[in-house]
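A short write-up of the structure that comes next.
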Amino acid sequence: MTKHYDHAQVQEFWQYVWERDDVYTLAADAEDPTYVLGMFPYTSGTLHMGHVRNYAITDAYARYRRMQGDDVLHPMGWDAFGLPAENAAFERKTDPRSWTEACIRRMREELETMGFGYDWSREITTCEPDYYRWNQWLFKRLYEAGLVEYEAASVNWCPDCETVLAAAQVEEREVKRSETSHVASDEAASHDHERVCWRCETPVGRRELDQWFFTITDYAEELHDDLEALEGWPDGVREIQRNWIGRQEGTRIAFEVADYSEGSVDVFSTRPETVYGATYLAVSPGHDLARELADANDDVAAYVDAVREQDPSEVGFAGVETDATATHPLTDEELPVYVAGYVLEDVGTGAVMGVPAHNERDHAFAAEHDLLIEQVVIPSTPDKRTSLEDGPYTDDGILEHSGEYDGLESDVARERVVADHDALEEDVTYRLRDWLISRQRYWGTPIPVVHCEDCGHVLVPDEELPVELPEFVRTTGNPLEAHDSFRETECPDCGGPARRETDTMDTFVDSSWYFLRFLSPHLEDAPFDTELADEWLPVDVYVGGEEHAILHLLYTRFFTKALADLDLLDRREPITELKSQGTVLYDGEKMSSSKGNVVAPQEYGAETTRLFVLSAAHPEQDFEWTANNVRGAYDLQQTLYGMATAFVAEGDTRVERLDHDEYIAREIDRTIAAATEEYDRFRFHRAATEIQELARVLRRYREYDRPHGEVYRRGLLALAALIAPMAPHLGEECWNKLRGDGLVVEADWPEPENELEDYRRERQLVETTLADVRDIVDTAAIDDPERIELVVAPAWKYDVLRIAADYADKELADGDPGSLVDRVLETDAVAELAVGREPVATFVTDLAGRDDRADFESVLAAADELAILERSSWLVTDEFDADVVVRSASDDDELAARARPGKPAIRIR
Ligand SMILES: [Zn+2]
Ligand SMILES: [Zn+2]
């Protein structure tokens, strides 16, 4: 029989057994199972280390909860639509479906090799019609609820991906300015960032297109406010969402515009007290007023057309004056109206009152167009008075030229001006934009709409869903456009000729609700079972990369809220606990195929890899992949396996239970309690350390003396059970050798045999005592100690300590130091002790001088300390090869004076 653990040899056997016994399938009658979910993988080819870490975390936790007796829902599926598959298929002269299916086969095999325990009966694949038909069905329900809009919009366009992008799919990238640039830094500031495609990093352009949107902005307030209560989410993710939603309080101010069909233009301002300084009104090129003016004025039309296709960073402070005039709501003055590209359509109301004296951008615009700069706020310190020629004054101060508000401080004026005028109203805006879901690509869910010349856009009837993707055509541009038989259709309303919508949905639609499909993956008349969802949701633990903070995780929250309003769910938040896993680094960089620094999961063997990624760091921290650290995970497996096989092979044990057996029994309890706490808190790396420590103590125990059969076997079984969530094959193998009951995957989580209240203090006592012995041996240079005495302090010291602790507390609370010694000596309890005044005084004086008073109360009872030292004395014997005596101090003992609670006196000869 080999003592070497070869994972590759046993993995198939255990995987076969797990499958045979159906251990991961959720029981049909499960009630509110613990729902553990890893973000399902994008089907991009092979598993990478990020996947392995992600799924090792969920698998370990799912296994742990199962052993704790929970029903566990731990499913897996495939995020299978999207552009990369289309590109890969194009390059390989195949079609996206074949490519994707091949990826899924390979990735599923890789997941199985790793031994991850999924309920595969619930597998879902988003590119299958029986999944995406529900995207279409949900699109229709959202449409009916008024949450879908079809709009001409100036949208972000990636020329390389040949599709539009949602706002959240455009990333800002710093552009290194050329060294020869002579542009003054302030002016160039807006050019420092380039807006690029999140997927391919190509600079993003603008296009004017008719597009489909989900109006996620209807939920901006709720999405923002509910973040507060998501206590199981990392603060970082919540903060990213908060910033993305971008709630801002301010004031809405209405400016009447002559001859405008809407009558007035609203602007949003955070500094309404500067309203008297407004010298012009500017609207964005996409504003309704701009469109109206463009219809009547060719110059305006030309400017609007030009700027709508420009990237915002290139627009600068150009603009066009229009024929319109606005009326200042407080002074009734006539103000010129501009269409200006620096006013962004999707920020605030898409219009601004121009206050050049007190706003950077307005100042720059006014300078370029020779507009009036009217100062209405001056610094409160007069000598700080500034010239406004070079720039605006943007701080608070004292108002002037502001009618009745002259002389008021900015913040006072701000409140009053809003209270005094109906044209000014407190308001809140959000930076969040509606979710653009149209994609001009093939590999996605067809949008279930046909365009009819007579009826406009008409939704495809439910009974005709799914609108299935036709065969792939290799072409540039959108393959669906090139598909005559797909494109040309009949209008469901009038029967006339109609054109099918050829845009497909953003793949993030698929992932916004997939966690619901896992509940009832085969349901044929609804996307998910509402009753089950009410019972089983929210997802208890969700694990994935932190890069999903605003796309996937925000969309998922939006969907959940929208579905709740459609009466399809009773929850308004999908996830209780979110874990953002950190990155696996290699040579300080993120592992990525483009950097060529990838370690394939198979390279070190499946089980070593998963044990390593769990034991290397807290799940939310980054860690460095080094061969040396991997070695540690490998060695731990060999150690545990070797101990189990040796025990079975040798069987040389003892029946009589001795002091040091009690110590080991207690140590096993301690490890179980500690490891359980670590598992509960997702600190797998610390659970691994606990396991390692127990293994070390048990090996020492076996080498010290013949082990007690039951105690030792219980320790080994505990090791097998505790390691099983992280290294399930190894756990199974050891459990089996030790003749554990059934399979470890289905075994009960081990429990301590005895009360464990004080175990940290006990451990502390043993550790400090051992350290003290070593210290003395070192300092006194005792080569070969023969006899070591550990003397526990006399009982009265424990009593006095407790009294002193009480006083020390009061002293801290009252801030009255007094004399601790006097006070303790005055107590009746001390007077009753059969000890002289002198020794008590000496003892308390010593206590009073110590700075670890906070620890006074945590000292164990005298009898407990004695028992613990007796049980652990074998560690001293073993380490120093000396006789060890443990005893209580007698009153006339010379060592009694030196011993104190928590710190036995030590004498070495
Ligand atoms: Zn792109
Ligand atoms: Zn029609």
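The values are calculated or read from the model by the stated rules, or taken from the named source; none is laboratory data. Quick caveat: nothing in here was measured; it's all calculated off a predicted structure. Cβ: placed from backbone, ideal geometry, glycine included. Neighbour counts: every protein chain shown. In case anyone asks, the SASA skips ligands and DNA or RNA and just uses the protein heavy atoms, side chains included. Shrake-Rupley method; radii C 1.70, N 1.55, O 1.52, S 1.80 Å.
Consider the range 124-146. How many of its residues are in contact with a Lys or Arg (Cβ under 8 Å, 6 or more places away or on another chain) and assigned to a loop (DSSP other than H, G, I, E, B)? Looking only at that region, the number is 1.
Out of everything in the range 634-656 that is more than 22 Å from Leu611 (Cα to Cα) and surrounded by 14 or more Cβ atoms within 10 Å (Cβ to Cβ), what residue ends up being farthest from the chain's Cα centre (by Cα)? Don't jump to the end; show me each part of the working.
Kept after step one, since they are more than 22 Å from Leu611 (Cα to Cα), are these residues of the range 634-656: 646-656.
From the residues that got through so far, the ones that are surrounded by 14 or more Cβ atoms within 10 Å (Cβ to Cβ) too are 646-648, 653-654.
Numbers: Ala646: 43, Phe647: 43, Val648: 44, Thr653: 49, Arg654: 51 Å.
Taking the candidates together, the pick is Arg654.
If the condition is being more than 21 Å from Gly286 (Cβ to Cβ) and either surrounded by 21 or more Cβ atoms within 10 Å (Cβ to Cβ) or without any contact (Cβ under 8 Å) to a residue 24 or more places away in the chain (or both), then the range 158-170 contributes only Cys161. Can we say Glu464 is at pLDDT 95 or above, more than 16 Å from ligand 1 (Cβ to nearest atom), open to solvent by 90 Å² or more (accessible area, probe 1.4 Å) and more than 20 Å from Cys127 (Cβ to Cβ)? In short, no.
Counting residues in the range 144-157 that are open to solvent by less than 10 Å² (accessible area, probe 1.4 Å), over 30 Å from Ala688 (Cβ atoms) and within 16 Å of ligand 1 (Cβ to nearest atom) gives one or more.
Which is closer than 30 Å to Ala419 by Cβ and either modelled with pLDDT under 95 or within 16 Å of ligand 2 (Cβ to nearest atom) (or both), of Ala282, Ala258, Ala220, Ala278? Steps first, please.
Details: Ala282 fails: either modelled with pLDDT under 95 or within 16 Å of ligand 2 (Cβ to nearest atom) (or both); Ala220 fails: either modelled with pLDDT under 95 or within 16 Å of ligand 2 (Cβ to nearest atom) (or both); Ala278 fails: either modelled with pLDDT under 95 or within 16 Å of ligand 2 (Cβ to nearest atom) (or both).
Testing whether each residue is closer than 30 Å to Ala419 by Cβ and either modelled with pLDDT under 95 or within 16 Å of ligand 2 (Cβ to nearest atom) (or both) leaves just Ala258.
Among residues of the range 670-681 that are part of a helix (DSSP H, G or I) and modelled with pLDDT under 95, those with a beta-carbon under 6 Å from a residue that is open to solvent by 30 Å² or more (accessible area, probe 1.4 Å) and not acidic (Asp, Glu) at least six positions away or on a different chain give the pairs Ala673/Pro752. Tallying residues that are touching a strand residue (DSSP E or B) at 6+ places or on another chain (Cβ under 7 Å), part of a loop (DSSP other than H, G, I, E, B) and open to solvent by less than 30 Å² (accessible area, probe 1.4 Å) within the range 481-507 yields 5. Here Ala687 meets the list (1) over 30 Å from Gly232 (Cα atoms); (2) open to solvent by less than 10 Å² (accessible area, probe 1.4 Å) almost entirely, failing just condition (1). Of everything listed in (1) at pLDDT 95 or above; (2) buried (at least 22 other Cβ atoms within 10 Å of the Cβ); (3) more than 25 Å from the chain's Cα centre (by Cα), the single unmet condition for Phe214 is (3). For the range 731-758, which positions are in a helix (DSSP H, G or I), in contact (Cβ under 8 Å) with a residue 40 or more places away in the chain and farther than 14 Å from Arg63 by Cα? Glu733, Cys734, Lys737 - these are the residues of the range 731-758 that are in a helix (DSSP H, G or I), in contact (Cβ under 8 Å) with a residue 40 or more places away in the chain and farther than 14 Å from Arg63 by Cα.
One residue stands out in the range 86-127 among those that are over 21 Å from Arg199 (Cβ atoms) and of a type in the set (A, V, I, L, M, F, W, C): the one that is surrounded by the most Cβ atoms within 10 Å (Cβ to Cβ), namely Phe116. Counting only strands (runs of 3 or more DSSP E) that fall entirely inside the range 313-372 and contain at least 1 residues that are aromatic (Phe, Trp, Tyr) and closer than 14 Å to Ala282 by Cβ, the qualifying elements are 334-340. Filtering Asp814, Asp855, Asp851, Asp809 for residues that are closer than 24 Å to Glu755 by Cα, at pLDDT below 75 and within 45 Å of the chain's Cα centre (by Cα) leaves a single hit, Asp855.
Test Phe559 against the criterion of being within 16 Å of ligand 1 (Cβ to nearest atom) and part of a helix (DSSP H, G or I), and give yes or no. Criteria not met by Phe559. Against the list (1) over 30 Å from Arg92 (Cα atoms); (2) out of contact with any Pro (no Cβ under 8 Å at 6 or more places or on another chain); (3) in contact (Cβ under 8 Å) with a residue 12 or more places away in the chain; (4) away from ligand 2 (no atom under 16 Å from the Cβ), the condition Arg414 fails is (2). Total residues in the range 218-236 satisfying the condition of being in a loop (DSSP other than H, G, I, E, B) and surrounded by 14 or more Cβ atoms within 10 Å (Cβ to Cβ): the figure is 4.
For the range 88-103, enumerate the residues that are in a helix (DSSP H, G or I) and under 16 Å from Leu480 (Cβ atoms). Write out each step before concluding.
From the range 88-103, those in a helix (DSSP H, G or I) are 88-91, 96-103; that's our starting set.
Residues satisfying the conditions are Ala89, Phe90, Pro96, Arg97.
Test Thr202 against the stated conditions and say whether it is among the β-branched types (Val, Ile, Thr), open to solvent by 40 Å² or more (accessible area, probe 1.4 Å) and more than 20 Å from the chain's Cα centre (by Cα).
Working: among the β-branched types (Val, Ile, Thr): yes; open to solvent by 40 Å² or more (accessible area, probe 1.4 Å): no; more than 20 Å from the chain's Cα centre (by Cα): yes.
Taking the combined requirement at face value, the residue does not satisfy it.
How about the range 881-901: which of its residues are open to solvent by 30 Å² or more (accessible area, probe 1.4 Å) and either more than 49 Å from the chain's Cα centre (by Cα) or among the aromatic types (Phe, Trp, Tyr) (or both)? Hits for the range 881-901 are Asp881, Asp883, Val884, Val885, Arg887, Ser888, Ser890, Asp891, Asp892, Glu894, Ala897, Arg898. Any chance the range 285-295 includes a residue that's within 29 Å of Glu221 (Cα to Cα), outside any helix (DSSP H, G or I), in contact with a helix residue (DSSP H, G or I) (Cβ under 7 Å, 6 or more places away or on another chain) and modelled with pLDDT of 95 or more? No, the range 285-295 has no match at all. The residues in the range 422-461 that are part of a loop (DSSP other than H, G, I, E, B), of a type in the set (Gly, Ala, Ser) and within 16 Å of ligand 1 (Cβ to nearest atom) can be counted, and the count is 1. Across the range 657-669, the number of residues qualifying as in a helix (DSSP H, G or I) and surrounded by fewer than 16 Cβ atoms within 10 Å (Cβ to Cβ) comes to 1. Filtered by the rule that a residue be in contact with a Gly (Cβ under 6 Å, 6 or more places away or on another chain), of a type outside the set (Val, Ile, Thr) and buried (at least 21 other Cβ atoms within 10 Å of the Cβ), the range 323-357 gives Tyr338, Ala340, Ala357. Apart from one condition, Leu83 fits all of (1) open to solvent by 30 Å² or more (accessible area, probe 1.4 Å); (2) under 25 Å from Val473 (Cα atoms); the exception is (1). Which of the numbered conditions does Glu757 fail, given that it passes all the others? Conditions: (1) modelled with pLDDT under 80; (2) open to solvent by less than 80 Å² (accessible area, probe 1.4 Å). Glu757 satisfies every listed condition except (2).
Quick one: is Arg195 of a type in the set (Lys, Arg), more than 16 Å from ligand 2 (Cβ to nearest atom), at pLDDT 85 or above and assigned to a strand (DSSP E or B)? For Arg195, the condition - of a type in the set (Lys, Arg), more than 16 Å from ligand 2 (Cβ to nearest atom), at pLDDT 85 or above and assigned to a strand (DSSP E or B) - is met.
The one condition from (1) touching a Phe, Trp or Tyr at 6+ places or on another chain (Cβ under 8 Å); (2) modelled with pLDDT of 85 or more; (3) among the aliphatic types (A, V, I, L, M); (4) part of a loop (DSSP other than H, G, I, E, B) that Leu569 does not meet is (1).
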